[in-house]
Amino acid sequence: MTKEIHSPLRPMLIVFAALSAFFISGKGWLLKNGIDPALVIIGNLLLFVVSIVAYFILQRSLKSSNPHAFVRSVNAGFVIKFMVIALAAFLYLYFAGKNLNKPGLLVCAAIYIIYTTVETIALMKTLKKHKNA
């Protein structure tokens, strides 16, 4: 991969590292506030991976000469994110049963917003550098 691809992803990697460090080192604080540390750590990892995949799908579409490729990649990225997150949520709801951790799910929703914001900013920086965007 070139430096051009790595540069916009750096903030996403920093967010992932910072959130992971906080969730791992702050297990006591999370438990005291009723948040399942394992849920938010796994949620952070899942959202990071899905955001990276969606970013690379969008990045790849910029190389296409077809103007509709970018729109299709935005839709594909959204559908992939939605399906993966929905599947993970349904699996968690199914297996958690009465041990459902609502504060943990709210933290995961906040993490989703953070990653979506960082991904959008990274994409906008990439689009500024791209000639045909």
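No value in this document is a laboratory result; all are computed from the given coordinates. Just so it is clear, the structure is predicted and the values come from calculations on it, not from any experiment. All Cβ positions, glycine included, derive from the backbone under ideal geometry; neighbour counts span all protein chains shown.
In the chain, the longest principal axis of the Cα atoms and the axis of helix 68-96 are about 10 degrees apart.
For the chain, the fraction of C-alpha pairs farther apart than 24 angstrom is 36 percent. Which listed residue (Asn99, Val40, Leu19) has the Cα farthest towards the positive end of the charge dipole for the chain, taking +1 on Lys and Arg C-beta and -1 on Asp and Glu C-beta about the Cα centre? The one lying farthest along the dipole's positive direction is Leu19. In whole Å, what is the distance between the alpha-carbon centres of the stretch 44-93 and the stretch 10-31? Taking the Cα centre of each part, the stretch 44-93 and the stretch 10-31 sit 23 Å apart. Against the chain, whose longest principal axis is taken from its Cα atoms, helix 3-25 shows a tilt of about 0°.
Going by average Cβ neighbours within 10 Å, how do the peptides 44-56, 11-23 rank, with the highest at the top?
Highest to lowest by the protection proxy: 44-56, 11-23.
Gain on full extension, evaluated as 0.36 nm per residue between Asn99 and Ile121 minus their Cα-Cα distance, stands at 4.3 nm. Using only Cα atoms, find the angle between the long axis of helix 37-61 and the longest principal axis of the chain, and express it within 0 to 90 degrees, rounded to the nearest 10. Result, in degrees: 10. Here the dipole of the chain is about 340 debye; that uses its Cα centre as origin and unit charges on the Cβ of Lys and Arg (positive) and Asp and Glu (negative).
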